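I have placed the structure first, in the form of structure tokens, so that the comments after it can refer back to it.
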Amino acid sequence: MTSATTILIVDDHPSFRRCARAVLEADGFAVIGEADDGEGAISAIGSLQPEVVLLDVQLPDMDGFAVLSRLGEDAPSVVLVSSREASDYDGLISASGARGFISKADLSGAAVRSLLP
Amino acid sequence: MTRRRLGAAVALGILLYAAALVLVLTDDLGDRRTLVVLVFAAGVVFTITGAIAAARRPRNATGTQMLAVGLVWSLGSLQAADDSFVFTLGFALSALAFVPFTWLILSYPTGRLPRDDRWIVAAVAAIVTLGPLSVVLTDSTPITGCADCPESAFVLSDDAGLARAASLAYALLAAAAALGVFVRLVRRYRASTPPLRRVVGPVYLFTLEALVALIAGGLVSTVSDSAALWLEHLALVSLALMPVAFLAGILRTRLARAGIADLAIALGNGTPLRDALADALGDPSLRLAYWSAQREEWVDGEGMTLAEPIARGANAATVVNHGGTRVAALVHDRTLAEQRELVDAVAATAGLAFEKERLQAELRAQYRFLETIIDTAPSLLTVVDTEGRIRNFNRAVEIASGLEGRTRVEGRHFWEVFIDPAEREAMIERFRAAAPDFPATEYENTFMNANGQERVIAWHSAPLLDESGDVVRVIAGGIDITERKRRELDLQRQRDFANAVADAIPSFIVIVDHDGAVVPAGANRAFLDAFSWALSKLEGTSFLELVADDDEFSARMAIAGAANGVPQSERESRWLTRDDQERIVAWTATPVLDQRGTARVLVSGADVTERARQEEEVRASRARIVAATDAARRRLERNLHDGAQQRLAALSLSLRLTESKLPVDVEAALESLAAARSELAQALDELRELARGLHPNVLTDRGLGPALEGLVVRSPIPVTIDIPAERFPPAIEAAAYYVAAEALANVVKYAQATEVRVRISGDDDGEVQSVVVEVVDDGIGGADPSRGSGLEGLEDRVESLDGVLEIESPRGGGTRIRATIPVARPESGPAEPGHGNPPPVAGPH
């Protein structure tokens, strides 16, 4: 059995982070950390080196696209999430370098995995 | 007649009369000798006097005519011949001389035969040609009673009856012709002027006498030969003497010259010039005209203008020059024109006297001219003596004083005529103080004239000196300026009225010249007050300096446009007060003429600073409303996103997890369901709060009290409220609610207060019914609406209902917010538009 894929959850709402951890762990992801803002996310990516980052678009200090632009070449796969629709960010998502976008209500391990290589 | 012709005629005369003399001397004339000698003498006299007259007055045909008479007369001498043929020829031609004689007598004294008299000459010519011829053809002894005379050489019939008839016919016709001439001469004499009568009188007398004698002789010869002969002698003597009369008339000039010496003496004796000249020229009708070089017209001795031409009818004018210039003219009888030499000699003798008289006449003419000017001039002219009595005055004085008639003014003191009683004493004193020099002065006085009319006269007076330099009279010239004064007064009233209006109106009025410089007294009271200028300082200042830099170009263009006559449309500029405060003025520039007619630019404007400020406030208020609306929308979106949406997303995940756990791990699923219920409950709470924030439903349904109680319940700081149960229009209730809610939210956020009091009350001052909302806390104070605490939004809301929001928030002294919102009367009101609709602005933060 291969080891579980490591994932970092970045969202400023604790209740969502809590639910997302439960859902992703239940679907076999290893949640190795959480961050509640952009700076926190960049710092956690550097220190925890997750394979996947579940990144909320709307963060208190900067948005998810700004976080993506600050990640280097060897950045992990990033999946954007938001309580809004993907159509609200049409164009921004494809240009951001993220693997894809999942609406928060539709989050599941399968949905994340389907976006990974 | 030329000298040569005259010489030839004289030579011919000498020849003829020499021949006649030979005949007379050689022939035996017997009884006829006396007659023949008389005939001969008469012919010689005519010839000689005719030659003298023609030589002396070559231009007058009289001499020539006399000469002709003398020459033709000589033919009659042929009758003296013994030879029958010569005698008969002489008889036939003997009367031919009456043709030039008739011509001579009817032409005298001018020498020109009047056209009307030509037929007489022709008739005479026919009679004196045919008459003697008929006699010699019928009568063998044509000269009745002449025994020595030869017989007619031409006789055709010796019938004594026929001869008698021919002789009678000839005599009657001759008598008729003589009568015709006679009548003509009498008429002419009667129509003549005295000088002419003097000239023609003797000639006519001799002629008439000769004619009468001849006619009588002719008629008598048929009865008595001796009487006829006697009458014939008489006629011949008359004829022989007649040339002397002619000569006397023609040469009268020569004789009259003797009178010139008398003229000089008469002038020396002081005889009036005209009388002396009339005597010298023998023309009592003589008039004199003097040439006024100054006026270039003829005047009489009194200086009165004479109508042109000065000579008319029977008169002729002879112009007299003295020293090469025209001085006068003699208007005399036309016949004197024939005596040019006499007139010229008289004129030359009296030349100096003419010049003197002319100067006097001119002086009189000038005097009359001046008198006319003075009397027709509208100016008043008076001459007063040193006692102040009016000695002379013109017509204008009578008119202005209302005292018509010279006697009503003359001799009165001028102050009785021109000075009102109230000022009279002062005038008399001034007049006496001016004595004895009476220096030239000017003054203006108003008086009531005799007709009760008020007159205003501007006087100039100057002294009139005698030869020793003493003042003898004072001349005062006045102009009646009553009308001018009245117009000036009218104009002044109009000006005062315009100035009063200009100073009373709140608009600004500034008058500038073409360069924009303010003209003297060129601003009204409103401008001076509003812009803190003194009129004296403002004069000459450029209007452009009174305008803010940014608006200077526009103002310059407006002034230049108006200076070119183009009225400018209204514009708004910032004008500067003396202490550089800006006022916004809506103004125009209009071309005008000032009272002197100089082109100016009228700048008139109204202070719209307050209006502009209010407009700006309205604009800002609108912008704030939009901004507040936008902020409210953003806040709502954020709240939904951060609150209910996150909860519902988490709830969705929890349910998904529960779903996945349910058959595997019931305990975990139950735990997840509990979490989900908790999320759902919180989501509901947040949505409810959000909805309440948009608009408290309870306010619409239950009014201010219950709505505010909800706020109080949720407030972390104790709140006491005092709210009436009364309902107000929805917009007012909404405004009151949001004032209280915003104030409470601020208290919670910033005031650090321990308690808050909210009081809403109705207020009715008798005129306006209002709702007053008061929120008072005991916090730290220092609230500032401009800091974006939401108070500004409340201000807009309250002011939109014509209400007032007052904030008292001294630092450390708590905060009192008081909104007074007028309640509309039933008929109209500011609150009406919002009735029934939710408020346009979102609620508190």
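Taking every DSSP beta bridge that has both ends in the protein assembly as shown, the antiparallel portion is near 80%. The residue list B:704, B:153, A:86 was ranked by how far each Cα lies along the charge dipole of the protein assembly as shown toward its positive end, using unit charges on Cβ atoms, and B:153 comes out on top. With N counted as the residues of chain B, its alpha-carbon radius of gyration over 2.2 N^0.38 Å works out to 2.42.
Expressed to the nearest 5 percent, the antiparallel share of DSSP beta bridges inside chain B is 95 percent.
Reducing region B:43-68 and region B:493-515 to their Cα centroids gives an inter-centroid distance of 102 Å.
Of the DSSP H helices in chain B, those that are both long (alpha-carbon extent of 18 Å or more along the helix axis) and hydrophobic (Kyte-Doolittle mean at least 0.5) are B:3-26, B:33-56, B:118-138, B:160-191, B:194-221, B:225-250, B:730-746. With unit charges on the beta carbon (Lys/Arg positive, Asp/Glu negative), name the residue among B:453, B:37, B:374 whose Cα is farthest towards the positive pole of the charge dipole of the protein assembly as shown. Most positive-ward Cα: B:37. Loop exposure criterion: GluC sites (Glu not before Pro), DSSP state outside H, G, I, E and B, at most 15 other Cβ atoms within 10 Å. Applied to chain B, the longest stretch between such sites is B:571-725. Past the 25 angstrom mark, what percentage of all C-alpha to C-alpha distances in chain A do you count? Looking at chain A, the distances longer than 25 Å represent 11 percent of pairs. Which of B:101, B:329, B:524 sits closest to the plus end of the dipole of the protein assembly as shown, meaning its Cα is farthest towards the positive end, when Lys and Arg get +1 and Asp and Glu get -1 on the C-beta? Ranked along the dipole, the leading option is B:101.
With a 10 Å cut-off around each Cβ of A:53-61, the average count of Cβ atoms from other chains is 1. Note that region B:392-405 has calculated 3J(HN,Hα) couplings of 8, 6, 10, 5, 4, 5, 4, 5, 5, 7, x, 9, 7, x Hz, one per residue in order, obtained from phi through the Karplus relation 6.51 cos²θ - 1.76 cosθ + 1.60 (θ = phi - 60°); glycine and proline are x. Under a model in which nothing but the beta-carbon of Lys, Arg (+1) and Asp, Glu (-1) is charged, chain B shows a dipole of about 5140 debye around its Cα centre. May I ask you to list the residues of region B:358-385 whose amide nitrogen lies under 15 Å from a point 7 Å from Cα along the Cα→beta-carbon direction of residue B:466? Backbone N within reach: B:385. Across region B:149-157, coupling constants 3J(HN,Hα) worked out from phi with the 6.51/-1.76/1.60 Karplus curve, θ = phi - 60°, read 5, x, 7, 5, 7, 9, 4, 9, 10 Hz, and Gly and Pro carry x.
Only protein heavy atoms count here; under a 1.4 Å probe, residue B:441 has an accessible surface of about 60 Å². For region B:602-607, backbone phi angles converted through the Karplus equation (6.51, -1.76, 1.60; θ = phi - 60°) give residue-by-residue couplings of 8, 9, 10, x, 10, 6 Hz, Gly and Pro being listed as x.
Mean sequence separation of contacting Cα pairs (under 8 Å, at least six apart), scaled by the length of chain B, corresponds to a relative contact order of 5 percent. Region B:361-423 and region B:717-791 have their alpha-carbon centroids 96 Å apart.
Between residue B:108 and any residue 5 or more places off or on another chain, the built amide H atoms are never under 5 Å apart.
Where does chain B land at 222 nm, in deg cm²/dmol rounded to the nearest 500, when only DSSP H runs of n ≥ 4 count, each adding -39500 (n - 2.57), divided by all residues? Calculated mean residue ellipticity at 222 nm is -17500 deg cm²/dmol.
Between amide H atoms placed 1.01 Å from N, distances below 5 Å from residue B:413 occur with B:390, all of them 5 or more places distant or on a separate chain.
Amide H to amide H, with H built 1.01 Å from N, residue A:5 comes under 5 Å of A:30, counting only residues 5 or more places away or on other chains. Over chain A, dividing the summed -39,500 (n - 2.57) contributions of all DSSP H runs of at least 4 residues by the number of residues returns a 222 nm mean residue ellipticity of -10000 deg cm²/dmol. For region B:3-250, the relative contact order works out to 18 percent when only alpha carbon pairs closer than 8 Å and six or more residues apart are counted.
Evaluated with a Cβ-only charge set (Lys, Arg +1; Asp, Glu -1), the protein assembly as shown carries a dipole of roughly 7500 debye about its Cα centre, given to the nearest 20. About the centre of its Cα atoms, region B:3-250 shows a dipole size close to 2020 debye [charges on the beta carbon of Lys, Arg (+1) and Asp, Glu (-1) only; nearest 20 debye].
Here r is the Cβ-Cβ distance between residue B:372 and residue B:115 and R0 is 35 Å; the resulting FRET efficiency, rounded to 0.05, is 0.15. For the pair region B:218-235 / region B:121-181, the C-alpha centres are spaced 14 Å from each other. Once the Cα-Cα distance is subtracted from the 0.36 nm per residue extended length, the residue B:811 to residue B:570 segment shows a gain of 82.0 nm. With contacts taken as Cα pairs under 8 Å at a separation of at least 6 residues, region B:1-73 carries a relative contact order of 36 percent.
Remark: spin-label model distance residue B:666-residue B:550 equals 8.0 nm, labels positioned 7 Å along the Cα→Cβ axis.
Between residue B:752 and residue B:615, the FRET efficiency estimated from the beta carbon spacing at R0 = 41 angstrom works out to 0.55.
The values are calculated or read from the model by the stated rules, or taken from the named source; none is laboratory data. Small disclaimer: the values here were computed from a predicted structure and weren't measured. Cβ: placed from backbone, ideal geometry, glycine included. Neighbour counts: every protein chain shown. Only protein heavy atoms, including side chains, enter the accessible area calculation; ligands, DNA and RNA are left aside. Shrake-Rupley method; radii C 1.70, N 1.55, O 1.52, S 1.80 Å.
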